[in-house]
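Heads up, the thing below is written out as structure tokens.
The values are calculated or read from the model by the stated rules, or taken from the named source; none is laboratory data. This one's a predicted model, so the numbers in the text were calculated from it and none came from an experiment. Here Cβ is always computed from backbone atoms with ideal geometry, including for glycine, and neighbour counts include all displayed protein chains.
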Amino acid sequence: MKKIVKAVEKVKREYGGVVGNLAMQGRRAADLDIRSVELSSRQLRKNLVLRGDEMESATMAYNMLRTQLYRVLSENGWTSIGITSANKGEGKSLTSINLAYSLARSVQQSVILVDLDLRRPSISKKLNIEPAVGVGDYFTKNVPLTDVMFTPGIEGFVIAPGRGSLDNASELLGAGRLLHLINEIGHKFPSRFVIYDLPPTLLVDDVMVAAEYIDSFLLVATEGETKKEELKRAVELLEPHNLLGVVLNKSGESGHGGYYDYYYGED
């Protein structure tokens, strides 16, 4: 609680005025010239993207995850979470999108979803869009952040998708541009939660480079596919960086045939 109080006082000192007014100012995409993009409900559903208004087991599972994460982040005064997996194909990007939708529908803060998998960005594909510029262009071409971002029509929800592939991702992340991105997001959205979709932890060193700047992490595993040794190694790497738990994907234990299931908490 002391950390939260200190954070609020810091915002007051740096920006002045009433924090509540700043929060509302920061979460209005229109004030920042962030474009609105209408996404196809049919395509989202086809790609297993849950907007949070469906009454089914998968949505309920994400709502439970959202509630637990919100509590932990708020208690620690954290504003960012990185979502990764041990290996590819575990469902980390879909987890990032669905968690962001769930958060955006329930919290007062802005929710920012950033595709930080610069080597293999997939958020735009799952949302069925083809952005003219992406996060990679922000890193390599100094494209304005507001040109990369868009809102999918939910107040306070902003997405920064990726485009193309960058082989030198870890070098770019470690060259100061990531810190610049984080600071710019913080300035534009004083009251926020930021979700970073990251590459698999064991395939490249990007996650370890970015870990210095991200408050906490979730690890996504797939039932029946993720190897125990790989999961153990990924946990070992992420534990020093506030690993909150593991999301079990494609679990069959719910009894409803759901695609997602339980959140394993702080232990």
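Odds and ends about this structure:
- Restricted to helices (runs of 4 or more DSSP H) entirely inside the range 1-100, those with at least 3 residues that are exposed (fewer than 12 other Cβ atoms within 10 Å of the Cβ) and at pLDDT 75 or above are 41-46.
- When Ala234 is tested against the conditions (1) surrounded by 19 or more Cβ atoms within 10 Å (Cβ to Cβ); (2) assigned to a helix (DSSP H, G or I); (3) at pLDDT below 95, the lone failure is (3).
- Lone unmet requirement of (1) of a type in the set (S, T, N, Q); (2) closer than 14 Å to Thr84 by Cβ; (3) at pLDDT 90 or above for Asn183: (2)
- The range 124-143: number of residues that are outside any loop (DSSP other than H, G, I, E, B), of a type outside the set (Lys, Arg) and under 20 Å from Leu172 (Cα atoms): 6
- Taking residues in the range 134-155 that are without any contact (Cβ under 8 Å) to a residue 40 or more places away in the chain, and partners anywhere that are part of a helix (DSSP H, G or I) and among the aromatic types (Phe, Trp, Tyr), the pairs with Cβ atoms closer than 7 Å and at least 6 places apart or on different chains are Val148/Tyr138.
- Complete set of residues in the range 196-249 that are of a type in the set (D, E, K, R) and under 20 Å from Thr67 (Cα atoms): Asp197, Asp215
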